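Inspection log for the structure reproduced underneath, given as C-alpha cells.
The values are calculated or read from the model by the stated rules, or taken from the named source; none is laboratory data. Here the structure is a predicted model, which means the values were calculated and not measured. Virtual Cβ from ideal backbone geometry, glycine too; neighbours counted across all protein chains shown. With ligands, DNA and RNA removed, areas are computed over all heavy atoms of the protein, side chains included. Shrake-Rupley method; radii C 1.70, N 1.55, O 1.52, S 1.80 Å.
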Amino acid sequence: MSSYLKSKKFLVFLGKSLFSILVALTFTVIPKPRKSVAGEIVLITGSGSGLGRLLALQFVRLGSVLVLWDVNTEANEETRRMAQEAGASRVYAYTCDCSRKEEVYRVADQVKKEVGDVSILINNAGIVTGKKFLDCPDELMEKSFDVNFKAHLWTYKAFLPAMIANNHGHLVCISSSAGLVGVNGLADYCASKFAANGFAESMFIEILAQKLKGIKTTIVCPFFIKTGMFEGCATGSPTLLPILELEYVVQKIVDAILQEQLYLYMPKFLYFMMLLKSVLPIKTGLLIADYMGIFNVMDGFTGQKKNA
Ligand SMILES: NC(=O)c1ccc[n+]([C@@H]2O[C@H](COP(=O)([O-])OP(=O)(O)OC[C@H]3O[C@@H](n4cnc5c(N)ncnc54)[C@H](O)[C@@H]3O)[C@@H](O)[C@H]2O)c1
C-alpha cells in the first residue's frame, strides 16, 4: 500500500473514531431513540418466574408477540395467564428444558411452524448451584453449563438463520456480574456466565463482520436481584453494590433492548469496577474487594426454594 493510501486510511479511521466518540457523548446527554418492538416475535427462556416473567409482561405492553419457554410447565402457564390478563393477544407457552439440545431444536421447530420466525431472542433461563467447587457434584456443574451457556448455542443455531435471512433481529444474553469477575463459592456459575458472555460477544463480532447491521446484541450483567435465586446472599457494600429491585432491572433491560445497547451492567458501579480490575495492581484490587465484602457474598446462600 502506498504511503498516500496509508495516510488516507489512517485519517478516515481517525475521523470515524472521533465521530463515534462524539455520538456516544451526545447520547449521554440526550436519550437514544427507542425502536418499536410491536409485532416482533419475542422468545424468552426461563419465563416461568423472576426476570423472565416480568420481561414477558413488559413486552406485552410494547405490543410484541410472546413465546414463553420454561422447564416448569405450571409456572410458565401462570406467566401466559398473566400476559393474557395484561392484554396480550398472541402469547404462546411451551415446555422446554433448555439444557437438552434435541428438545431445544424440537420445540424451536414447533415455534417456527406455529408462530413464525423469532426476531428477539432472550436467553434468560438460569440456575445456580451455590456450592464450593469441591463440594459440587459433577452432574450439577454440567447442568449449570447446559442451562446457563450451552442452551445459548442451541437457541442461536435454531433462530439465527432466519434473522440472517431477514437481516433483522436482536439477541439478548442475560448473563451476570459473575460473568465479569470470579466469585468465591460460585465457580461453576461464574464459568458458565463467562462462557455466555464470551459467546454473545464473539457472535456480535461475527455478525458485524458479515455486515448484518439489522441484527443487534445486548449483553446484560446484573449484580444480585431480588428474585429468590440468590436467596440468603448479602452485599457488604449496599451503597455501591446494592441488591437490585426486579422492576428496576427489567426496566433497564427493556430500555437497553429498545436503544440497542450492547452492554448493560447493573448497578453502574460495575463499569468502574471493571476499569479498576484492568488497571489496579492485583493486591490493591483484592484489598478493595475484601473491604467491600465481595469475598463473602455467598456465605448465607440458601437459593431458590422452588428450583427447577
Ligand atoms: N437473581 C439474581 O440475583 C441474578 C443476578 C444476575 C443474573 N441473573 C440471571 O438472570 C436470569 C434469571 O434469573 P432469575 O433471578 O429470574 O431466576 P429464577 O430462578 O426466578 O428464574 C429462572 C427460570 O429459569 C427456568 N429454568 C431453569 N432451568 C431451566 C431449563 N433447563 N430450561 C428452561 N427453563 C429453565 C426456571 O424454571 C425459572 O422459571 C438467570 O440467567 C440468572 O442467572 C440473576
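Taking residues in the stretch 178-189 that are closer than 10 Å to SER144 by Cβ, and partners anywhere that are open to solvent by 30 Å² or more (accessible area, probe 1.4 Å), the pairs with Cβ atoms closer than 6 Å and at least 6 places apart or on different chains are ALA187/PHE133; ASP188/MET141. Filtering the stretch 256-267 to residues that are surrounded by fewer than 15 Cβ atoms within 10 Å (Cβ to Cβ) and either touching a residue at least 60 places away in the same chain (Cβ under 8 Å) or within 17 Å of VAL181 (Cβ to Cβ) (or both) leaves only GLU260. Here is a list of conditions, (1) surrounded by 16 or more Cβ atoms within 10 Å (Cβ to Cβ); (2) under 28 Å from HIS168 (Cβ atoms), and LYS112 meets all of them except one; can you say which number that is? So the condition that LYS112 fails would be (1). Only residues that are near the ligand (Cβ under 10 Å from one of its atoms), out of contact with any Cys (no Cβ under 9 Å at 6 or more places or on another chain) and part of a loop (DSSP other than H, G, I, E, B) were counted across the stretch 173-193, and they come to 0.
Put simply, of ALA162, ALA200, ALA191 the only residue that is surrounded by fewer than 17 Cβ atoms within 10 Å (Cβ to Cβ) and out of contact with any helix residue (DSSP H, G or I) (no Cβ under 6 Å at 6 or more places or on another chain) is ALA162.
For the stretch 213-224, taking the residues that are out of contact with any His (no Cβ under 9 Å at 6 or more places or on another chain) and open to solvent by less than 30 Å² (accessible area, probe 1.4 Å), the one that is farthest from the ligand (Cβ to nearest atom) is identified as ILE219.
Residues are listed down the side, and each one gets a yes or a no for (1) β-branched (Val, Ile, Thr); (2) loosely packed, with under 10 Cβ neighbours inside 10 Å; (3) under 27 Å from the mean Cα position of the chain (by Cα); (4) under 30 Å from VAL67 (Cα atoms):
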| position | (1), (2), (3), (4) |
| --- | --- |
| LEU5 | no, yes, no, no |
| VAL29 | yes, yes, yes, no |
| PRO33 | no, yes, yes, yes |
| ILE41 | yes, no, yes, yes |
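The condition of being under 16 Å from the mean Cα position of the chain (by Cα), within 19 Å of SER64 (Cα to Cα) and of a type in the set (A, V, I, L, M, F, W, C) holds for only one of LEU160, LEU171, that being LEU171.
The single condition among (1) surrounded by 14 or more Cβ atoms within 10 Å (Cβ to Cβ); (2) under 21 Å from THR155 (Cβ atoms) that GLN84 does not satisfy is (2).
Any residue that is hydrophobic (A, V, I, L, M, F, W, C), under 17 Å from the mean Cα position of the chain (by Cα) and within 24 Å of GLU260 (Cα to Cα) - is there at least one of those in the stretch 130-150? Looking for residues that are hydrophobic (A, V, I, L, M, F, W, C), under 17 Å from the mean Cα position of the chain (by Cα) and within 24 Å of GLU260 (Cα to Cα), one finds at least one in the stretch 130-150, hence yes.
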